[in-house]
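Inspection log for the structure reproduced underneath, given as structure tokens.
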Amino acid sequence: MAVVKRSVSFEAEVWSELTAAAGGGAFSPLVNEAVAFYLRRRRGLAAVAAYEAEHGAFTRAELESADRGLDQVGVPDLTSAQPTRVARSRARTRPR
Amino acid sequence: MSRPGDQVAGLTYDTGALLAAGVGDRRVWRLHRRALERGHAPVVPAAVLAHACSGPAARPSSPASSSAWSPDLLAGFLYGCGLEVLDEALARHCALLLNRAGTADVAAASVVVGATRRRDLVITSNVAGLRRLARSVGAQVAMIAVLPDG
């Protein structure tokens, strides 16, 4: 598979967590995997939006039903996981 | 191994989920939306994709699927999914499971092996079949049923 090399910048605390997560391994596969995962979810949500545009938007009741089904079997909400120190710091300093 | 009621790590789609998506089933599409919004990218085992795309014989004939089959709908559904490759190690694990269970459904076996390893919830129309397979190796898999069998 073709690869491209680019220079990217990270916030220092994010980089610190990344190096710990990599455990001495290579960073590129880790970053590539994270970005690919992000793009996959983005593409997926765009496809859901296209589905709803054609077949009708989901009602609140439909979405609550889906949430109940996922909650009953313990599907976690990964987007509400404990924020990193950087995110917590941002939340504290964010202007109202 | 995942047990119904415990927290699961992610989602795996069985053939029934893809077939339901391909006929525009609202239940599976809204589960898909919520899964993506919760930060998951559901997994589709390669054998499941092959089964779902194999032709009319694999497609549902229940009243719930009265809408026409649409390859474009399935393609859109798959945009948000990750494909699990059926490599040699997984194939051998599936063969072991099928041998113990006395069946030959490779797609179902790949769902059980992968979902058990990842502790995934499985979206399926084949709850009984997957449960039999899982029990043959002493495993349990959390499942949500979509379109009925057949």
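The values are calculated or read from the model by the stated rules, or taken from the named source; none is laboratory data. As the structure is a computational prediction, the values presented were derived from the model and not from experiment. Cβ placement follows ideal geometry from the backbone for every residue including glycine, while neighbour counts extend to all protein chains displayed.
Matching residues to (1) in contact (Cβ under 8 Å) with a residue 24 or more places away in the chain; (2) of a type in the set (S, T, N, Q):
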site: A:Glu13; (1), (2): yes, no
site: A:Thr19; (1), (2): no, yes
site: A:Gly25; (1), (2): no, no
site: A:Gly44; (1), (2): no, no
**Message:** Pull out all pairs, ordered by first then second residue, where Cβ-Cβ is under 9 Å, the residues are six or more apart or on different chains, the first lies in region B:28-41 and is more than 7 Å from chain A (Cβ to nearest Cβ) and assigned to a helix (DSSP H, G or I), and the second is among the aromatic types (Phe, Trp, Tyr) and crowded, with 24+ Cβ neighbours inside 10 Å.
**Reply:** B:Val28/B:Tyr13; B:Val28/B:Phe77
**Message:** Can you report the number of residues in region B:92-122 which are buried (at least 16 other Cβ atoms within 10 Å of the Cβ) and over 16 Å from the mean Cα position of the chain (by Cα)?
**Reply:** 4
**Message:** Can you list residue pairs whose Cβ atoms sit under 6 Å apart, with the first residue in region B:51-74 being surrounded by 13 or more Cβ atoms within 10 Å (Cβ to Cβ) and the second being modelled with pLDDT under 65 and assigned to a loop (DSSP other than H, G, I, E, B)? Count only pairs 6 or more apart in sequence or on different chains.
**Reply:** B:Ser62/B:Pro148
**Request:** Kindly indicate whether A:Ala53 is crowded, with 16+ Cβ neighbours inside 10 Å, over 19 Å from the mean Cα position of the chain (by Cα) and part of a helix (DSSP H, G or I).
**Result:** no
**Request:** Scan region B:97-150 for residues that are polar (S, T, N, Q), farther than 23 Å from B:Val85 by Cβ and in contact (Cβ under 8 Å) with a residue 40 or more places away in the chain and jot them down.
**Result:** B:Ser125, B:Gln140
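Go through the residues of region A:25-48 one by one and say whether even a single one is of a type in the set (Val, Ile, Thr) and modelled with pLDDT of 95 or more.
Filtering region A:25-48 down to residues of a type in the set (Val, Ile, Thr) leaves A:31, A:35, A:48.
Adding the requirement that they be modelled with pLDDT of 95 or more leaves A:48.
Scanning region A:25-48 turns up at least one residue that is of a type in the set (Val, Ile, Thr) and modelled with pLDDT of 95 or more.
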**Message:** Residue under question is A:Ala36, and the condition is that it be of a type in the set (Gly, Ala, Ser) and away from chain B (no Cβ under 11 Å); does it hold?
**Reply:** no
**Message:** Take A:Leu78 and tell me if it is surrounded by 11 or more Cβ atoms within 10 Å (Cβ to Cβ), more than 10 Å from every other protein chain (Cβ to nearest Cβ), among the hydrophobic types (A, V, I, L, M, F, W, C) and free of Cβ contacts under 8 Å to residues at least 60 places away in the same chain.
**Reply:** no
**Prompt:** Of (1) more than 30 Å from B:His32 (Cα to Cα); (2) small (Gly, Ala, Ser); (3) surrounded by 10 or more Cβ atoms within 10 Å (Cβ to Cβ), A:Ala12 satisfies all except one. Which?
**Reply:** (3)
**Asked** Residues of region B:103-129 being outside any loop (DSSP other than H, G, I, E, B) and within 14 Å of chain A (Cβ to nearest Cβ), which ones?
**Response** B:Ala115, B:Arg118, B:Asp120, B:Leu121, B:Val122, B:Ile123, B:Thr124, B:Val127
